[in-house]
Structures are given as structure tokens and as C-alpha cells.
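*Asks:* Here's a structure for you.
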Amino acid sequence: MAPKPNRAGSSSSARPSAIAEHCCRLWVAEAPTELVLVARDIARAEAIAADLRQRGPGSSVTVKKGEFHDPAAIEALVRSIAESGSIDMALIAQGWLADQQACQADLAFLRDSIAINALSPALFAEAFARHFAGIGRGTLGILGSVAGDRARKANYSYGAAKAFLARYAQGMDHRFAGSGVRIVLIKPGPTDSPMTAARKAAGRYVAPAEDVARTIVKGMKRGRPVVYAPPAWRAIMLVAQHLPRFVFNRLSV
């Protein structure tokens, strides 16, 4: 993250992203930074902003309420963020681990899951990309998931949405190849956050959000096209992707 007066936009879904929050903590600790937090839960976002100001006294942190499904509103929001200075970096960190059984039983539920996990992030990505293209530089981080690497019965509505984002980021990376704009697709494994509370309560492993954030911040700084967080997931998912179908279909995952 660059010092002032450069700016960063961070977007999240209904509840501000724990991963994005920890990334912001690292950025304000590194150097004076101007952050704009975009969220629907304004009260929670304001509490996060107050904490970030304490952690980085030289930083400026503002909060904007976001509309996550209206294309015109998203365009207007990104323009308003850029009005007082160019955006250096944007992290799109939103997601909803919707219950797979509910998605199968209720098509409206499935629609909402896909809208939050795929369509809305793509709209934000294009809005920020338009700004970066105009100034000829910038880093756009898009939070995907290892779940997008291979669909499984436990959460294929979520995984399919994240797979869409992976292909979308890949296309954007090709679009901006050779320019000053860098597209970074981030693929976290299960991370300690409200979204994975049930998994953690069941005694299953979740990575500390702080560790995941450190990997993301380093990857975005270097402009890596794909960042697995923690990095061990790259090898794990390489194996999962290449398991023969007759083997994979015997697994209860």
C-alpha cells in the first residue's frame, strides 16, 4: 500500500469481511494510508474504521455505504471514491457461504448466492478496472476461493460462483497484460471468520485471518496474478484438480 495521498477501496458484503479488515490493519501499520471502506453494515464498518485509525494514526479511513447489486449505483460509488484522488489499489472482498441444501431447494436463495458471490464482485471489478485503465496503473485484488478450483457436492453453488470469478479475473489479467494495471486473484482456504463459524465449532481447521491477510498483502504488493492463502493450498488444490472423477466421486467432501 502506498502512502498518502493515494487511496484504496475495499468492498465487502452484508458484514464487513474479516479478511479485508486484517489486510487493512497491515496496510495502516506499514505506512500512512487513505482507506475507503465500502459496506452495507455501516455501524460495523465504522467500528472497524475507528480501530484502524488507532492502529495507524497517520492514516485516513472513511466509510461509504454500498449498493452491491445496482450497476449504476456501483459506478457512481467508485467515481465518488476517485473524486478526491486516484485509487492506487482496490480489494474486492465479499462472499456468502450459502447453505447448499437451501440453494437446491429454493431457486431464489440460489439466485442470491450467485449474485453476491459472482455477479456483484464482477460489477465492482469492472468499475474499478475502468478507473485504473483511465490512469494507466493500479492493483485490483479479487477475493475468490479454493472452492472454485473444483466443485464438490457440499458447496457447489458457492464454488461455481467463485470459479466464475476466477475465469473473470483471468480474462481481466489478459486484458491488462503489459500495462500498469495488475489483476490479483486471491484464493483463500477456509479462514477464521463469521462465515466459517460452524466449521470451526465442529473442530475443523480454519486458517487465522491474520496469516491469510499477510499472504494477500504481500501478493498484491508484488502483483502476482494468483495468490493462494495460505500458500499450501496451491499444492492441495493441484492434487484435487487432477484426481480422476471415479476417485473424487467416492470422497465425502
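The values are calculated or read from the model by the stated rules, or taken from the named source; none is laboratory data. These figures come from a predicted structure and were not determined experimentally. Quick reminder, even Gly has a Cβ in these numbers, built from the backbone with ideal geometry, and neighbours come from all protein chains shown. Just so you know, the surface numbers come from the protein's heavy atoms only, side chains and all, with ligands and any DNA or RNA stripped out. Shrake-Rupley method; radii C 1.70, N 1.55, O 1.52, S 1.80 Å.
*Asks:* Restricting to DSSP H runs of at least four residues, report the calculated mean residue ellipticity at 222 nm for the chain, -39500 (n - 2.57) per run over all residues, nearest 500 deg cm²/dmol.
*Replies:* -14500 deg cm²/dmol
*Asks:* How would F124, F246 line up by accessible area, probe 1.4 Å, largest first?
*Replies:* These residues rank, largest area first, as F246, F124.
*Asks:* Beyond a 20 Å Cα-Cα separation, which of these cross-linked pairs lie in this structure: K187/K221; K65/K200; K64/K221?
*Replies:* K65/K200; K64/K221
*Asks:* If you count only protein heavy atoms with a 1.4 Å probe, what accessible area per residue comes out for the chain, rounded to a whole Å²?
*Replies:* 47
*Asks:* To continue, here is another question. Report the calculated FRET efficiency for L107 and R53 (r = Cβ-Cβ distance, R0 = 30 Å), to the nearest 0.05.
*Replies:* Rounded to the nearest 0.05, the efficiency is 0.10.
*Asks:* Ranked from highest to lowest mean number of other Cβ atoms within 10 Å per residue, what is the order of the peptides 209-216, 235-242?
*Replies:* Sorting 209-216, 235-242 by mean packing, highest first, produces 209-216, 235-242.
*Asks:* Which length gain, in nm to one decimal place, applies between H174 and R199 when the Cα-Cα distance is subtracted from 0.36 nm times their residue separation?
*Replies:* Full extension from H174 to R199 adds 5.4 nm.
*Asks:* What size of dipole, in debye to the nearest 20, comes out for region 16-126 about its Cα centre when the only charges are +1 on Lys and Arg C-beta atoms and -1 on Asp and Glu C-beta atoms?
*Replies:* For this selection, approximately 240 debye.
*Asks:* Determine how large the accessible area of W96 is when every protein chain is in place; take a 1.4 Å probe and give Å² rounded to the nearest 10.
*Replies:* Accessible area of W96: about 80 Å².
*Asks:* Moving on. Just the accessible area for F109, please: 1.4 Å probe, Å², rounded to the nearest 10?
*Replies:* Here the accessible area works out near 60 Å².
*Asks:* Summarise the accessible area of region 113-171 (1.4 Å probe, protein heavy atoms) by the percent that is carbon and sulfur.
*Replies:* Percent of accessible area from carbon and sulfur atoms in region 113-171: 61.
*Asks:* Assuming 0.36 nm per residue, please report the length gained on full extension of the stretch E75 to S252 beyond their Cα-Cα distance.
*Replies:* 59.5 nm
*Asks:* Compute the distance in nm between two label points, each set 7 Å from the Cα along the Cα-to-Cβ direction, one at D99 and one at A31.
*Replies:* Between D99 and A31, the simple spin-label model gives 4.7 nm.
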